Amino acid sequence: MTAPVAARRGTNSHVHTNHSFSVFTSPAEAAEAAAAAGLEAIGINDFFTVSGFTEFRAACSRLALPALYCCECISMDSAAEAAGELYNDPANPGRIYLSAKGIARPDDPAGNAVLAEIRRHQDTRNRALVERVGEHFKKTSGQTGPTWAEVVGQTPHGNTTERHVAKAILATIHRLTPGPAFADKYLQVVGEPAKPDAAQQQIQIRNCLLKAGKPCYVPEDRAAFPTVERLRDAFLALGAIPTYPVLGNPLTACEKDISALFDRLDRWGFRAIELISNRNTDDRVAAVVAECARRSWPVCDGTEHNTPAMEPMLTKWVLDPRFAAAFRDGLAVNLGHQELVGSGQTGYVNARGAIVPGSLAACRSLGQRLLERSAAGMTA
């Protein structure tokens with residue numbers, strides 16, 4: 001059991017677990033890390049799945065920690081792709097990362113059907129990546145590469161990502177050449193001298209072997225990326241708030257003008273924002289928070305934790321006096337929405353995605369009460 005800390009402060013609405021890819025080995029471990037860091041509330045935000053919610057809910061309940069349920073998907077806007085427009089994916093025109101925040105109906109059949117379809121496409125591509133990797137191992141070293149079992153076994157329900165393939169490649173190199181010979185084998189297979197630690201090596205393997213133009217690259221099926229409208233509707237079916245994660249850095253053309261970006265999001269039916277602060281700069285955080293305040297849109301802060309490296313659970317911005325109240329307020333709105341919709345009431349947005357008059361205050365008030373109970377429960 002995590003030992004109590006003097007007081008809770010700060011929130012984090014965007015943490016991945018091993019149900020997609022993460023430095024955390026379970027949703028419970030993510031919850032325990034949040035409690036140990038003194039967070040008031042924590043939200044998990046895995047790719048394409050809600051499968052971690054049950055364990056996460058139990059762990060957060062045990063820790064008296066408010067839990068926010070979220071997931072993340074990638075859409076494709078064909079018009080933006082044709083025009084070469086970049087949003088929050090700086091390398092792929094038309095691709096747009098989107099989040100469902102405050103999922104109140106995780107068992108909804110329509111929403112889960114969309115998530116399952118995306119996972120099937122990911123599975124097909126990752127199996128093909130493993131085949132290419134196997135061919136590459138034989139070509140470069142005359143040895144056998146990682147098996148599919150070694151990839152899929154890293155995540156409890158088989159929701160594989162490219163990062164799992166990279167981790168399996170690294171494990172295979174270690175298995176084939178333990179000890180001093182590792183560096184030579186790594187260079188032979190990867191094509192570059194190994195970075196200093198395992199986290200950096202996994203990133204290096206992805207960049208050297210699995211990305212476009214590299215020896216093991218497999219193109220992604222366009223069907224793996226639903227339209228913005230289809231994802232929005234799936235998120236609403238799950239009882240969530242459709243939310244746009246601002247990239248911020250590097251600054252893409254479509255995110256440069258915050259007001260114009262928000263106008264477009266409004267037309268799409270996305271009226272909530274989240275920031276991954278370690279990808280943003282001070283001036284961008286200030287601009288996004290200010291625009292959210294002007295429009296009365298909730299804004300949250302998160303850390304990702306979807307790499308092999310362990311990072312702090314709180315960002316410097318979530319505790320910054322200029323932004324702390326806005327992020328806490330945004331998290332409260334999400335928590336309140338989740339609670340209200342989960343009990344059959346109307347939250348911040350209705351089933352069509354429209355903001356419900358008076359809902360912002362109601363969600364904020366309920367969510368703030370949950371946060372206040374959390375803070376009080378941890379006071380020494």
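The values are calculated or read from the model by the stated rules, or taken from the named source; none is laboratory data. This structure is a prediction, so every number in the text was calculated from the model and none was measured. Glycine gets a Cβ as well: all are built from the backbone with ideal geometry, and neighbour counts include every protein chain shown.
Remarks
- Residue list for segment 287-304, restricted to those being surrounded by fewer than 24 Cβ atoms within 10 Å (Cβ to Cβ), of a type outside the set (D, E, K, R) and in contact (Cβ under 8 Å) with a residue 60 or more places away in the chain: 296, 303
- Helices (runs of 4 or more DSSP H) within segment 191-272 that include 2 or more residues among the small types (Gly, Ala, Ser): 198-205, 228-237, 258-268
- Within segment 125-167, the only residue that satisfies the criterion of being farther than 22 Å from residue 184 by Cβ and among the aromatic types (Phe, Trp, Tyr) is 148.
- In segment 212-251, residue farthest from residue 13 (Cα to Cα) [restricted to those that are over 19 Å from the mean Cα position of the chain (by Cα), of a type in the set (Gly, Ala, Ser) and modelled with pLDDT under 95]: 212
- Verdict on residue 330 being touching a Lys or Arg at 6+ places or on another chain (Cβ under 8 Å) and of a type in the set (Gly, Ala, Ser): no
- One residue alone among 161, 155, 172, 177 is at pLDDT below 95 and polar (S, T, N, Q), and that residue is 177.
Matching residues to (1) under 23 Å from residue 255 (Cβ atoms); (2) at pLDDT 95 or above; (3) outside the structural domain of residue 162 (by TED's automatic domain parsing):
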{"position": "273", "(1), (2), (3)": "yes, yes, yes"}
{"position": "290", "(1), (2), (3)": "yes, yes, yes"}
{"position": "307", "(1), (2), (3)": "yes, no, yes"}
{"position": "330", "(1), (2), (3)": "yes, yes, yes"}
{"position": "337", "(1), (2), (3)": "no, yes, yes"}
{"position": "342", "(1), (2), (3)": "no, yes, yes"}
{"position": "351", "(1), (2), (3)": "no, no, yes"}
{"position": "370", "(1), (2), (3)": "no, no, yes"}
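- Residue match in segment 134-145 (condition: within 30 Å of residue 171 (Cβ to Cβ), of a type in the set (Val, Ile, Thr) and in a loop (DSSP other than H, G, I, E, B)): yes
- Candidates 60, 70: the one that is in contact (Cβ under 8 Å) with a residue 60 or more places away in the chain and not polar (S, T, N, Q) is 70.
- Every condition in (1) assigned to a loop (DSSP other than H, G, I, E, B); (2) aliphatic (A, V, I, L, M); (3) touching a Gly at 6+ places or on another chain (Cβ under 8 Å); (4) surrounded by fewer than 19 Cβ atoms within 10 Å (Cβ to Cβ) is met by residue 309 except one, and the failing one is (3).
- The set of residues in segment 331-362 being under 16 Å from residue 298 (Cα atoms) and of a type in the set (S, T, N, Q) consists of 334, 338, 350, 359.
- Residue 164 vs. criteria closer than 22 Å to residue 48 by Cα and buried (at least 16 other Cβ atoms within 10 Å of the Cβ): yes
- All of (1) at pLDDT 95 or above; (2) more than 14 Å from the chain's Cα centre (by Cα); (3) within 30 Å of residue 253 (Cβ to Cβ) hold for residue 34 with one exception: (3).
- Checked against (1) under 26 Å from residue 106 (Cβ atoms); (2) without any contact (Cβ under 8 Å) to a residue 24 or more places away in the chain, residue 321 passes all but condition (1).
- Failed item, numbered, when residue 322 is tested on (1) closer than 16 Å to residue 11 by Cβ; (2) surrounded by 15 or more Cβ atoms within 10 Å (Cβ to Cβ); (3) modelled with pLDDT of 95 or more; (4) in contact with a helix residue (DSSP H, G or I) (Cβ under 9 Å, 6 or more places away or on another chain): (2)
- Residue in segment 357-364 that is more than 26 Å from residue 53 (Cα to Cα), without any contact (Cβ under 8 Å) to a residue 24 or more places away in the chain and of a type outside the set (A, V, I, L, M) present: yes
- Selection status of residue 240, buried (at least 19 other Cβ atoms within 10 Å of the Cβ), out of contact with any Leu (no Cβ under 7 Å at 6 or more places or on another chain) and touching a residue at least 40 places away in the same chain (Cβ under 8 Å): yes
- Among the numbered conditions (1) modelled with pLDDT of 95 or more; (2) within 24 Å of residue 124 (Cα to Cα); (3) among the hydrophobic types (A, V, I, L, M, F, W, C); (4) out of contact with any Gly (no Cβ under 9 Å at 6 or more places or on another chain), the only one that residue 194 does not meet is (2).
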